[in-house]
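Trainee: Take a look at this one; I'll ask things after.
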Amino acid sequence: MKRGKVFALCLAAALSAAALTACGERTSGGTFTYEELMAKFEGDIERNAVIRVLDNQMAVETGHLQEVLDAFNERYAAYNVQAVDANMDQYVDLEQNGPDGYGPDVLYQANDMLMRYAEGGHILPLPTEQLDTDTIPQTVMDVYKLETYGLDLYYGMPVAQQSTVLTYRKDLLPADWEEEWDDNQNGIPDMVETMNGLYAYSKQVKENSSGAKYGLYMSLVDQYFNTGYLLSYGAYVFGETHDDIGLAADGAETGLNLFRDLAGVLGSTCISQNATTQVATYLTNAAGTAFCTIGTPDWLTTFQENLTQTYVRDGMSEEEAAAAAKENLVVVAPPRLPEDGDITKELTDIEEETFAPTTMGGVNAFGISSYTKYPKASLAFVKFVSEYENLKWRSEALGAVPARTDLAEELGGVSEVLSERVSAGLVYMMPSTRDTQYIWDPLSSLFNDVATDNTTRETPVYTTKEALKGALEKLVSDIRSAMAVGDIS
């Protein structure tokens, strides 16, 4: 990647004085060359360094992080480097704790959080020429780009990408699905191909089971999952400036009405964040309580483990059960949406009447704290975890979808599905800015309100286009208020 030669950086405009002091840079402002900024990464890694690594909870709980730390320490044993678990909450606030010396040296975060730190000077720009980024799409790299004085700097090494997919139980498909649930005769069940088909099937399952089973089961208040219904019909988060909040843009009310219709068939039990974790049981139990779910692919490993144990209890050997679980849990792209937003109608021509949805997405990366005493050792760790084989190891251990297109293609399955959607521009990346933090609570409140309207509310409110538009305008107003309070604090 090309880099400029001069990095004109004023304290007030970019890095805080605290960050610069911690990094050993000048504290009086002025002009820095790119070479000066990168000099801290040159030469041999520091001997006897102890670097604290913050990874996500799944990496910690599965033991994967400790295995990686051990492998890294073995490779750099000659330097007596010790990478250790930071032993902190995965959402530790580096902005608040870093200046006080409490924080990790290396941290793994989503782009909205990591770039919030970059804006405040709490993480270091990386010497990307030393990192293997050739097979990472530019759109993925760019979520970690911060343009300052004409220079493009990258603050994170992308490791995994995230968005929503549909996971279903193939062994729960109706026996006659090829005759009754494949209208276009393309070999894909209608209930996983279109939202109209999934709505109709979910309604049938609910009626036939007297509400004991679900076609689709997912959280109706999860902001990340459900914002895609707005984005697919013309909404956006921020325009050229953050004064331009586009979640109430023309067309977004169509997506919100689609969501309302979907809530009506899913029911009030899905109006909970707990539904996201509850589905791990519902999708994999012997009763087949849920046929499918829409969520992030990192749950696939858990789904497979749970279903394997269900099959073992039914009499299969461990090996047979694991193979059956892998075969019967199928991951596909999110269902196609109707052009007119009406999921309650029967389609006559899927290709003409539907389109591939846009979903919210993000990229997780490793970054390096500005407060680290060991930038070279920290960079060595970032290089280590982003190597091809180690990324493959991580993906297989955690179910993470790799940011590298070559690895995603090799792994196939969910990795290939999501990688192709990213490459096709069907994943709307979370804005890499601190203001993104202010959209989530208002979005959750919106989805809760609209889902309740079509499930338990005695007198529904959102029955017209104007009412739905009003709900979206209130959403934007609530986000503006949250941003204003955040600016003051």
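The values are calculated or read from the model by the stated rules, or taken from the named source; none is laboratory data. Keep in mind the model is a prediction, meaning the values are calculated, not measured. Counting neighbours? That spans all protein chains shown, and the Cβs are built from the backbone with ideal geometry, glycine included. Ligands, DNA and RNA are excluded from the accessible area calculation, which covers all protein heavy atoms including side chains. Shrake-Rupley method; radii C 1.70, N 1.55, O 1.52, S 1.80 Å.
Trainee: Considering every residue within the stretch 134-145, establish whether at least one is assigned to a strand (DSSP E or B) and among the β-branched types (Val, Ile, Thr). Please lay out each step first, then the result.
Mentor: Within the stretch 134-145, the first condition is being assigned to a strand (DSSP E or B), and the residues that meet it are 145.
Retained after the next criterion (residues that are among the β-branched types (Val, Ile, Thr)): none.
Checked against the condition, which is being assigned to a strand (DSSP E or B) and among the β-branched types (Val, Ile, Thr), the stretch 134-145 yields no hits at all.
Trainee: Among the residues of the stretch 136-143, is there at least one that is within 20 Å of Phe381 (Cα to Cα), of a type outside the set (Phe, Trp, Tyr), modelled with pLDDT of 90 or more and touching a Phe, Trp or Tyr at 6+ places or on another chain (Cβ under 8 Å)? Before the answer, list the steps.
Mentor: So in the stretch 136-143, the residues within 20 Å of Phe381 (Cα to Cα) come out as 136, 141.
Add one more test, that the residue is of a type outside the set (Phe, Trp, Tyr), and what stays is 136, 141.
Filter once more, so that each one left must be modelled with pLDDT of 90 or more: 136, 141.
Now narrow it down to the ones that are touching a Phe, Trp or Tyr at 6+ places or on another chain (Cβ under 8 Å): 141.
Checked against the condition, which is being within 20 Å of Phe381 (Cα to Cα), of a type outside the set (Phe, Trp, Tyr), modelled with pLDDT of 90 or more and touching a Phe, Trp or Tyr at 6+ places or on another chain (Cβ under 8 Å), the stretch 136-143 yields at least one hit.
Trainee: Does Glu410 satisfy being at pLDDT 90 or above, open to solvent by 60 Å² or more (accessible area, probe 1.4 Å), of a type in the set (Asp, Glu) and in contact with a helix residue (DSSP H, G or I) (Cβ under 9 Å, 6 or more places away or on another chain)? Reasoning before the result, please.
Mentor: Details: at pLDDT 90 or above: yes; open to solvent by 60 Å² or more (accessible area, probe 1.4 Å): yes; of a type in the set (Asp, Glu): yes; in contact with a helix residue (DSSP H, G or I) (Cβ under 9 Å, 6 or more places away or on another chain): yes.
Here the answer is yes, as Glu410 does meet what is asked.
Trainee: Determine, yes or no, whether Ser419 is part of a helix (DSSP H, G or I) and closer than 17 Å to Gln162 by Cα. Outline the logic, then answer.
Mentor: Details: part of a helix (DSSP H, G or I): yes; closer than 17 Å to Gln162 by Cα: yes.
Here the answer is yes, as Ser419 does meet what is asked.
Trainee: Closer than 20 Å to Gln138 by Cβ and either in contact with a helix residue (DSSP H, G or I) (Cβ under 7 Å, 6 or more places away or on another chain) or hydrophobic (A, V, I, L, M, F, W, C) (or both) - does that describe any residue in the stretch 451-461?
Mentor: We begin by selecting, within the stretch 451-461, every residue closer than 20 Å to Gln138 by Cβ; these are none.
No, the stretch 451-461 has no match at all.
Trainee: Can you name every residue in the stretch 46-88 that is touching an Asp or Glu at 6+ places or on another chain (Cβ under 6 Å) and either assigned to a helix (DSSP H, G or I) or free of Cβ contacts under 8 Å to residues at least 60 places away in the same chain (or both)? Quick ask: steps written out before the conclusion?
Mentor: Just the residues of the stretch 46-88 that are touching an Asp or Glu at 6+ places or on another chain (Cβ under 6 Å), to begin with: 51-52, 65.
Within the stretch 46-88, Arg52, Leu65 meet the criteria.
Trainee: Right, here's the next one. Tell me whether the stretch 468-478 contains one or more residues that are open to solvent by less than 40 Å² (accessible area, probe 1.4 Å), in contact with a Gly (Cβ under 9 Å, 6 or more places away or on another chain), at pLDDT 95 or above and not acidic (Asp, Glu).
Mentor: Taking every residue of the stretch 468-478 in turn, at least one turns out to be open to solvent by less than 40 Å² (accessible area, probe 1.4 Å), in contact with a Gly (Cβ under 9 Å, 6 or more places away or on another chain), at pLDDT 95 or above and not acidic (Asp, Glu).
Trainee: Filter the stretch 301-353 for residues that are open to solvent by 20 Å² or more (accessible area, probe 1.4 Å), over 22 Å from Tyr201 (Cβ atoms) and among the polar types (S, T, N, Q) and give the result.
Mentor: Thr301, Thr302, Gln304, Asn306, Gln309, Ser317
Trainee: If you don't mind, there's one more thing I want to ask. How many residues are open to solvent by 10 Å² or more (accessible area, probe 1.4 Å), modelled with pLDDT of 90 or more and not in a helix (DSSP H, G or I) if we restrict to the stretch 396-407?
Mentor: Step one: filter the stretch 396-407 for residues open to solvent by 10 Å² or more (accessible area, probe 1.4 Å), giving 396-397, 399-400, 404-406.
Keeping just the survivors that are modelled with pLDDT of 90 or more gives 404-406.
The next check asks that each one be not in a helix (DSSP H, G or I); those that pass are 404.
Residues flagged as open to solvent by 10 Å² or more (accessible area, probe 1.4 Å), modelled with pLDDT of 90 or more and not in a helix (DSSP H, G or I) within the stretch 396-407 amount to 1.
Trainee: Separate question: Here is a list: Asp70, Asp100, Asp152. Which entry is at pLDDT 95 or above and more than 23 Å from the chain's Cα centre (by Cα)?
Mentor: Details: Asp100 fails: at pLDDT 95 or above; Asp152 fails: at pLDDT 95 or above.
Of the residues listed, the single one that is at pLDDT 95 or above and more than 23 Å from the chain's Cα centre (by Cα) is Asp70.
Trainee: If I filter the stretch 444-461 for residues that are in a helix (DSSP H, G or I) and under 19 Å from the mean Cα position of the chain (by Cα), do I get at least one hit? Please lay out each step first, then the result.
Mentor: Looking only at the stretch 444-461, we keep the residues that are in a helix (DSSP H, G or I), and these are 444-453.
Remaining after also requiring under 19 Å from the mean Cα position of the chain (by Cα): 444, 447.
Within the stretch 444-461, one or more residues are in a helix (DSSP H, G or I) and under 19 Å from the mean Cα position of the chain (by Cα).
Trainee: Could you please find all residues in the stretch 279-300 being farther than 25 Å from Pro357 by Cα and either surrounded by fewer than 21 Cβ atoms within 10 Å (Cβ to Cβ) or free of Cβ contacts under 8 Å to residues at least 24 places away in the same chain (or both)?
Mentor: Correct list: Thr281, Tyr282, Asn285, Ala286, Ala287, Gly288, Thr289.
Trainee: Follow-up. Can Thr372 be described as over 25 Å from the mean Cα position of the chain (by Cα), among the hydroxyl-bearing types (Ser, Thr, Tyr) and either buried (at least 21 other Cβ atoms within 10 Å of the Cβ) or assigned to a strand (DSSP E or B) (or both)? If you could, list the steps in order and put the result at the bottom.
Mentor: Details: over 25 Å from the mean Cα position of the chain (by Cα): yes; among the hydroxyl-bearing types (Ser, Thr, Tyr): yes; either buried (at least 21 other Cβ atoms within 10 Å of the Cβ) or assigned to a strand (DSSP E or B) (or both): yes.
Yes.
Trainee: Report, by residue number, each residue of the stretch 107-133 that is open to solvent by 10 Å² or more (accessible area, probe 1.4 Å), assigned to a helix (DSSP H, G or I) and of a type outside the set (S, T, N, Q).
Mentor: Asp112, Met113, Arg116, Glu119, Glu129
Trainee: Please enumerate the residues belonging to the stretch 176-205 that are in contact (Cβ under 8 Å) with a residue 60 or more places away in the chain, over 20 Å from Phe355 (Cβ atoms) and open to solvent by 70 Å² or more (accessible area, probe 1.4 Å).
Mentor: Lys203
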